[in-house]
Amino acid sequence: MSERRSFTAGEARNLLRRARTGTLATLNADDGTPYASLVNLATDVRGCPLILVSTLAWHTRNLQADPRGSVMVAEVPEQGDALTGPRVTVMGRFSKVDAGQAARRYLARHPAAEIYAGFGDFGFWRLEPERAHAVAGFGRIETIPADEMFPSADEMIALEEGAVQHMNDDHDDAIQRFAERLLGATPGGWKITAIDPDGADLRRGEHVLRLPFETPAYAGGSLRALLARMGEQTRS
């Protein structure tokens, strides 16, 4: 039996899913000097980081020369020592990916990027994780293997688009309750734009909310049961 982690893979993955931005670290193409930059961040269904970057940017030229890189996200407390807040760094290798699902999931988190996502010099890149280093305060420090933090999600990948359409077409009332009663939003006009094992993204115009699931759902049956349970809970 494996030792219980002080900061679990699921907690670290959900920290990554909640993030809107992150620090991207690459190696400068000219001399190998580490270079850090700010990027908008999304995740694919499995949880791997997705970025949309221009070939004019240093970090893109760096990745074209050497795909090694990392992404760090943090939730900094409003007061006190910033280092008491949780953060996770995911390390691995980046690869350029086709639009399609990557574009859909990225734009679900960053709808304002629609105005430039189709420009010829922009492209989507995914970080294929090799390991993650997570810190959640004093004594809660873990190095997590990629297969533990990012388990296979093949069934969810296959059913995601259909599940999103089904929820929006047939369960609009439940979506509005999720936004209002679970996330504290004003009612009306919310749509689900992405679903993954850990939760869903809701959007109204330029506003995006993250709806976390109480337990991960990696299969269609468990997803249906979870959403139905949430629907019943928000009726009362």
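Of the numbered conditions (1) among the acidic types (Asp, Glu); (2) open to solvent by less than 20 Å² (accessible area, probe 1.4 Å); (3) without any contact (Cβ under 8 Å) to a residue 12 or more places away in the chain, ASP201 satisfies every one except a single condition; which is it?
(3)
Restricting attention to segment 169-178, does a residue exist that is farther than 29 Å from GLY85 by Cβ, among the β-branched types (Val, Ile, Thr) and open to solvent by 60 Å² or more (accessible area, probe 1.4 Å)?
no
Do you know which residues across segment 150-178 are within 18 Å of ARG17 (Cβ to Cβ) and not in a helix (DSSP H, G or I)?
PHE150, PRO151, SER152, ALA153
Does ARG126 meet the test of being among the basic types (Lys, Arg) and in contact with a helix residue (DSSP H, G or I) (Cβ under 8 Å, 6 or more places away or on another chain)?
So ARG126 passes the test.
Is there any pair linking a residue in segment 47-68 that is open to solvent by 60 Å² or more (accessible area, probe 1.4 Å) to one that is outside any strand (DSSP E or B), with Cβ under 7 Å and at least six apart or on different chains, and which?
LEU56/ASP121; ARG61/ALA29; ALA65/ALA29
Go through (1) within 17 Å of VAL45 (Cα to Cα); (2) touching an Asp or Glu at 6+ places or on another chain (Cβ under 9 Å); (3) among the small types (Gly, Ala, Ser) and name the single condition SER222 misses.
With respect to (1) within 17 Å of VAL45 (Cα to Cα); (2) touching an Asp or Glu at 6+ places or on another chain (Cβ under 9 Å); (3) among the small types (Gly, Ala, Ser), SER222 is out only on (2).
Could you run through segment 119-144 and say how many residues are over 18 Å from ASN40 (Cα atoms), open to solvent by 60 Å² or more (accessible area, probe 1.4 Å) and part of a strand (DSSP E or B)?
5
Given segment 1-79, what strands (runs of 3 or more DSSP E) lie entirely inside it while holding 1 or more residues that are within 24 Å of PRO151 (Cβ to Cβ) and charged (D, E, K, R)? Break it down stepwise before answering.
Numbers: elements: 21-27, 34-40, 49-54, 68-74.
Output list reads 68-74.
Within the group ARG181, ARG210, which residue is part of a helix (DSSP H, G or I), of a type in the set (Lys, Arg) and either in contact (Cβ under 8 Å) with a residue 24 or more places away in the chain or surrounded by fewer than 19 Cβ atoms within 10 Å (Cβ to Cβ) (or both)?
ARG181
Counting only residues that are β-branched (Val, Ile, Thr) and outside any helix (DSSP H, G or I), how many does segment 80-118 have?
Of the residues in that region, 4 qualify.
Could you please give the count of residues in segment 22-41 that are open to solvent by 10 Å² or more (accessible area, probe 1.4 Å), closer than 23 Å to ARG140 by Cβ and not hydrophobic (A, V, I, L, M, F, W, C)?
1
What tally of residues in segment 1-21 results from selecting those that are closer than 21 Å to ALA153 by Cβ, of a type in the set (D, E, K, R), touching a helix residue (DSSP H, G or I) at 6+ places or on another chain (Cβ under 9 Å) and open to solvent by 20 Å² or more (accessible area, probe 1.4 Å)?
Here the count works out to 1.
The values are calculated or read from the model by the stated rules, or taken from the named source; none is laboratory data. Predicted model only: the values in this text are computed from it and were never measured. Note that we place each Cβ from the backbone using ideal geometry, even for glycine, and neighbour counts take in every protein chain shown. Heads up: the accessible areas ignore ligands, DNA and RNA and are worked out on the full protein's heavy atoms, side chains in. Shrake-Rupley method; radii C 1.70, N 1.55, O 1.52, S 1.80 Å.
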